[in-house]
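Contents: one structure, followed by commentary.
The values are calculated or read from the model by the stated rules, or taken from the named source; none is laboratory data. For clarity, every value in this text was computed on a predicted model and none was experimentally measured. Heads up, the Cβs are rebuilt from the backbone with ideal geometry, glycines too, and the neighbour counts pull from every protein chain shown.
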Amino acid sequence: MKNQLLLLVLLFGLLAHGQTGTIKGLIVDKQSEIPLMGATVELLNTADATGVVTDENGRFVLNNIPVGRQGIQVSYIGFETYSVPNIDVTSGKDVFLNIALTEAFNQLDEVVLTSNTNKDQPLNKMSTVSTRQFGLEEVTRFSGGRSDVGRLAANFAGVSAPDDSRNDIVVRGNSPTGLLWRLEGVPIPSPNHFGTAGTTGGPVSALNPNILKNSDFLTSAFPAEYGNAVGGVFDLGFRNGNTDDYEYTLQTGIFTGVEAMAEGPMGKKNGSFLVAYRYSLVGLLGVGAGGTSAAPNYNDLSFNLNFGNGNLGNLSLFGILGSSDIDFLGDDIDEDDLFAAEDENTFVESRFGVLGIKHRINIGTNSYLRSILSRSFSGNDFTVDRFIEQNTPQERSIRYTLADESENRFTFSTLFNSKLSSRSTLRLGILAENFQVKSLLQDRTEQPDTNADGDPDLFTFRDIDESVLLVQPYIQGQFRLTESLTVNAGLHAQYSNLNGQFALEPRAAIGYQVAPAHRISLGYGLHQQQLPLPILFLNEEVNGNLVQTNKDLDFVRSNHFVLGYDVKISQNWRGKIEVYYQDIDKAGVESFASSYSTLTEGADFGFENDRVSLVNKGNGTNQGIELTLERFFNKGYYGLLTGSFFESKYAGSDGIERNTPFNNEYVVNLLAGREFKVGKAGKNILFLDTRLTTSGGRYATPVNLEASQQAGFEVLREDIAFSEQYDPYFRWDVKFGIKINSKEKKRSHQFYVDLQNVTANENIFVRRYNRLTNQVDQVNQIGFFPDFGYRFQF
């Protein structure tokens, strides 16, 4: 078999001679975001000079480019030269690049030869600190990532996600509920299959990485245009389809599912379409994955329709539609299932969607206005039927939990951006969101039996049909005081009609280029966030009536302080250090002395449903240092080492400082990859990627075994909340495969195998009370798991 594989590789290599691809793209002014006509684009490292000039729309096309890793250089009079290395050119699909050039500080009549190739530099020009740019290649390249942007972020400094079953993102010790997801400039609900109201993660991502363009991930002190978040921001965008040719992609993978994608030109104004559909492969096969033996079904449709440029500007329509369901049948569930129990039948359905229309029009030569109108929705139905006196003649079933939750969000966003000069840029806008929330939650857990029927009462924790308006205006500017010193500053405001809250939030950051290879950055931001709606709308029985006693809670408030140092060690190596301190107050805590705080919520499928009459008197701190050492892809290999060493603490109403459940204390990631050219012309690629991750164990609240045995349900030692630390987390993933380019036609193939947790390390998922055995059981996370994928582009 080994020899047959080698012969197959050599055969494809011999057919590779003469293979070529295409690089095309758009060149814009970074400050004004207006296309640049007449910019020169040159292919690097070639014997014969190859170059083109951008047209009146700022577009360029480089044809007949040899497949493999290539580099280009872009120059324009009066602007800093920009180079893009390691462009992965294949014969099956055109490469499209969006490149933004920075105008020289002083207007010159010659090209300024200053390269700017670091991919850690953000796309958002107003962001100075704690921001990382990422693209499609990174999402799909790293081993163990399941082509999930959430799991990709877990490789960056300051992020931890030591949970194999969900992609919740813990940013610098913050709850995952502190994360903001944005798509095409508007906030969206959690873009995950099997997501639940108020959470930001899930088992499977509904974001198709094949239609994403390069995007930003922000971890602290973010610019003024981002609001209603205290942890981090995923600022995502869809790429446009190919404006010249029709292209297609077919692929499959265990987690990504079976996929078909099509793109191509549309209309006569440089318009394009891009449509992709995916369906669960494990659902088709009827097998479990991701920590359960139940078969999950999920599918999603993503699209971006760009109608091109006209006299009235550019108009595009974008969206995602997704649904998922899974049935956990107690008779078929293993005792170590991560999500279900043997004495219950659980039925889960979820849905998610975003539909938006975006309009942009240039105003003069240095300004533009961008407006977006969108509707997003999310919802889930969760039903649990529990067997009483199971496996006896008296066995019966009762409805134990019922949840029916939905959120419809109507959003309007408008932004005006103007380049005042080569030294200053102004941006102002407003975002308005109207949430229409319906939520029914009934549960018997920990309830008394007041009607003496032998079963706990089915109590209604939520039964609402509410509307909430959140308005966020902002203004921000960038000021290049000298060639080396740049200041970004702004003011964000936030108003909620739920209880009439209004907040002002100043933001500021400074970037100073000490020397060509050394840069210092300093950032501050005040950030506030509305508590998750499932907590705000909880019912409490008061004098025989159900009252929403959390409804008037204020925004949680957080002050961010960040100091960073970047060094370019060599052409292909860089290092980065950031230290930060985050002070949080006005968190929700109970009105009597207890260890509870809303800062500990958010890393599960739901929220505690008995925390009522809360007050804004909780506080917390997150502080730490982050290290990054990166070797950019060059000469066939890359490397990335990140280390985060931090402390995450909180205090409930009892005033005792405790660990948060997100205080892993340290996270270290080591990633590396190598590509080998094969075949006579060296145009096909064998690749190998590996990833090592380790982190401190999560903190958990110990189970009170005796009290749990007496009550028949889990009772925790809340007096010593989050005092028990699990064992450290360790995982090693290995991924390998081959990329094959066709000679005769526009085709390419890619196949990979991703071996996750190759050492089968038994990382702890949870220690929980098992009511069937009356003991505390340890449930481990996913062990060794092989994934695979195949992609065909033509």
Exercise. What is the residue count in segment 18-57 for residues that are closer than 30 Å to residue 684 by Cα and among the charged types (D, E, K, R)?
Worked result: 3
Exercise. Is it fair to say residue 581 is of a type outside the set (Asp, Glu) and either touching a helix residue (DSSP H, G or I) at 6+ places or on another chain (Cβ under 9 Å) or within 19 Å of residue 155 (Cα to Cα) (or both)?
Worked result: no
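Please specify each residue of segment 418-453 satisfying the condition of being in contact (Cβ under 8 Å) with a residue 12 or more places away in the chain and either assigned to a loop (DSSP other than H, G, I, E, B) or not assigned by TED's automatic domain parsing to the domain that holds residue 362 (or both).
Quick first cut of segment 418-453, residues in contact (Cβ under 8 Å) with a residue 12 or more places away in the chain only: 418-420, 422-447.
Once the filter is applied, which keeps residues that are in contact (Cβ under 8 Å) with a residue 12 or more places away in the chain and either assigned to a loop (DSSP other than H, G, I, E, B) or not assigned by TED's automatic domain parsing to the domain that holds residue 362 (or both), segment 418-453 yields 422, 423, 444, 445, 446, 447.
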Problem set entry | Whichever residue in segment 574-626 is crowded, with 24+ Cβ neighbours inside 10 Å and of a type in the set (A, V, I, L, M, F, W, C) and, among such residues, is farthest from residue 699 (Cα to Cα) | 614
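Do you know which of the residues in segment 76-104 that are assigned to a loop (DSSP other than H, G, I, E, B) and of a type outside the set (Val, Ile, Thr) is farthest from residue 40 (Cα to Cα)? Show your work before the answer.
First, the residues of segment 76-104 that are assigned to a loop (DSSP other than H, G, I, E, B): 76-78, 81, 90-94, 102, 104.
Within this subset, residues satisfying the condition of being of a type outside the set (Val, Ile, Thr) are 76, 78, 91-94, 104.
Numbers: 76: 6, 78: 13, 91: 24, 92: 26, 93: 23, 94: 20, 104: 16 Å.
So, considering only residues that are assigned to a loop (DSSP other than H, G, I, E, B) and of a type outside the set (Val, Ile, Thr), the one farthest from residue 40 (Cα to Cα) is 92.
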For this session: Would you mention how many residues in segment 674-709 are among the small types (Gly, Ala, Ser), touching a residue at least 60 places away in the same chain (Cβ under 8 Å) and closer than 20 Å to residue 727 by Cα?
Result: 3
Problem set entry | Candidate set: segment 44-63, residues that are among the charged types (D, E, K, R) and surrounded by 13 or more Cβ atoms within 10 Å (Cβ to Cβ); chosen: the one nearest to residue 271 (Cα to Cα) | 59
Problem set entry | Any hit, segment 177-195, residues being under 24 Å from residue 157 (Cβ atoms), among the β-branched types (Val, Ile, Thr), more than 11 Å from the chain's Cα centre (by Cα) and not in a loop (DSSP other than H, G, I, E, B) | yes
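Every residue, every condition in (1) assigned by TED's automatic domain parsing to the domain that holds residue 316; (2) surrounded by fewer than 24 Cβ atoms within 10 Å (Cβ to Cβ); (3) not aliphatic (A, V, I, L, M), yes or no:
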residue	(1), (2), (3)
160	yes, no, yes
167	yes, no, yes
173	yes, no, yes
192	yes, no, yes
205	yes, no, yes
224	yes, no, no
239	yes, yes, yes
247	yes, yes, yes
Exercise. Among the residues of segment 350-361, is any in contact with a helix residue (DSSP H, G or I) (Cβ under 9 Å, 6 or more places away or on another chain), in the same structural domain as residue 165 (by TED's automatic domain parsing) and more than 30 Å from residue 484 (Cα to Cα)?
Worked result: no
Exercise. Which of the following residues is closer than 27 Å to residue 141 by Cβ and either in a loop (DSSP other than H, G, I, E, B) or in contact with a strand residue (DSSP E or B) (Cβ under 6 Å, 6 or more places away or on another chain) (or both): 772, 755?
Worked result: 755
Exercise. So how many residues does segment 689-703 have that are crowded, with 19+ Cβ neighbours inside 10 Å and under 17 Å from residue 139 (Cα atoms)?
Worked result: 4
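Within segment 644-657, does at least one residue satisfy the condition of being under 27 Å from the mean Cα position of the chain (by Cα) and either of a type in the set (Val, Ile, Thr) or not assigned by TED's automatic domain parsing to the domain that holds residue 516 (or both)?
Pass one, segment 644-657, residues under 27 Å from the mean Cα position of the chain (by Cα): 644-650.
Then keep just the ones that are either of a type in the set (Val, Ile, Thr) or not assigned by TED's automatic domain parsing to the domain that holds residue 516 (or both); that gives none.
Among the residues of segment 644-657, not one is under 27 Å from the mean Cα position of the chain (by Cα) and either of a type in the set (Val, Ile, Thr) or not assigned by TED's automatic domain parsing to the domain that holds residue 516 (or both), which makes the answer no.
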Problem set entry | Output for segment 58-107, where each listed residue is under 23 Å from residue 121 (Cα atoms) and among the acidic types (Asp, Glu) | 80, 88, 103
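Could you name every one of the strands (runs of 3 or more DSSP E) located completely within segment 497-542 that has at least 1 residues being modelled with pLDDT of 95 or more and in the same structural domain as residue 232 (by TED's automatic domain parsing)? If you could, list the steps in order and put the result at the bottom.
Details: elements: 501-515, 518-529, 540-542.
Fully inside segment 497-542 and qualifying: 501-515, 518-529.
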Exercise. Which condition breaks for residue 210 when tested against (1) touching a Leu at 6+ places or on another chain (Cβ under 6 Å); (2) closer than 25 Å to residue 69 by Cβ?
Worked result: (1)
Exercise. What tally of residues in segment 86-100 results from selecting those that are over 14 Å from residue 66 (Cβ atoms) and either surrounded by 22 or more Cβ atoms within 10 Å (Cβ to Cβ) or in contact with a Ser or Thr (Cβ under 6 Å, 6 or more places away or on another chain) (or both)?
Worked result: 3
Seminar exercise, completed: Checking 272, 323, 302 in turn, the sole residue that is at pLDDT 95 or above, closer than 30 Å to residue 400 by Cα, hydroxyl-bearing (Ser, Thr, Tyr) and surrounded by 17 or more Cβ atoms within 10 Å (Cβ to Cβ) turns out to be 323
Seminar exercise, completed: Counted residues in segment 771-781 being over 26 Å from residue 695 (Cβ atoms) and touching a residue at least 24 places away in the same chain (Cβ under 8 Å) come to 4
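Criterion first (at positive phi and in the same structural domain as residue 403 (by TED's automatic domain parsing)) does residue 602 satisfy it?
Values: at positive phi: yes; in the same structural domain as residue 403 (by TED's automatic domain parsing): yes.
For residue 602, the condition - at positive phi and in the same structural domain as residue 403 (by TED's automatic domain parsing) - is met.
Of all residues in segment 556-574, how many are closer than 19 Å to residue 171 by Cα and either in contact with a helix residue (DSSP H, G or I) (Cβ under 7 Å, 6 or more places away or on another chain) or not charged (D, E, K, R) (or both)? Reasoning before the result, please.
Residues of segment 556-574 that are closer than 19 Å to residue 171 by Cα, as a first pass: 556-564.
Checking the rest, the ones that are also either in contact with a helix residue (DSSP H, G or I) (Cβ under 7 Å, 6 or more places away or on another chain) or not charged (D, E, K, R) (or both) come to 556, 558-564.
Number of matching residues: 8.
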Problem set entry | Residues satisfying the stated conditions in segment 543-570, i.e. outside any strand (DSSP E or B), over 30 Å from residue 646 (Cβ atoms) and touching a strand residue (DSSP E or B) at 6+ places or on another chain (Cβ under 8 Å) | 548, 549
Exercise. Of (1) modelled with pLDDT under 90; (2) surrounded by 15 or more Cβ atoms within 10 Å (Cβ to Cβ); (3) not in a strand (DSSP E or B), residue 8 satisfies all except one. Which?
Worked result: (2)
For this session: Output the residues belonging to segment 659-677 that are in contact with a strand residue (DSSP E or B) (Cβ under 6 Å, 6 or more places away or on another chain) and surrounded by fewer than 22 Cβ atoms within 10 Å (Cβ to Cβ).
Result: 666, 668, 670, 672, 673, 674, 675, 676
Exercise. What are the residues in segment 724-750 that are in a loop (DSSP other than H, G, I, E, B), of a type outside the set (Gly, Ala, Ser) and out of contact with any Leu (no Cβ under 6 Å at 6 or more places or on another chain), if any?
Worked result: 726, 727, 728, 744, 745, 746, 747
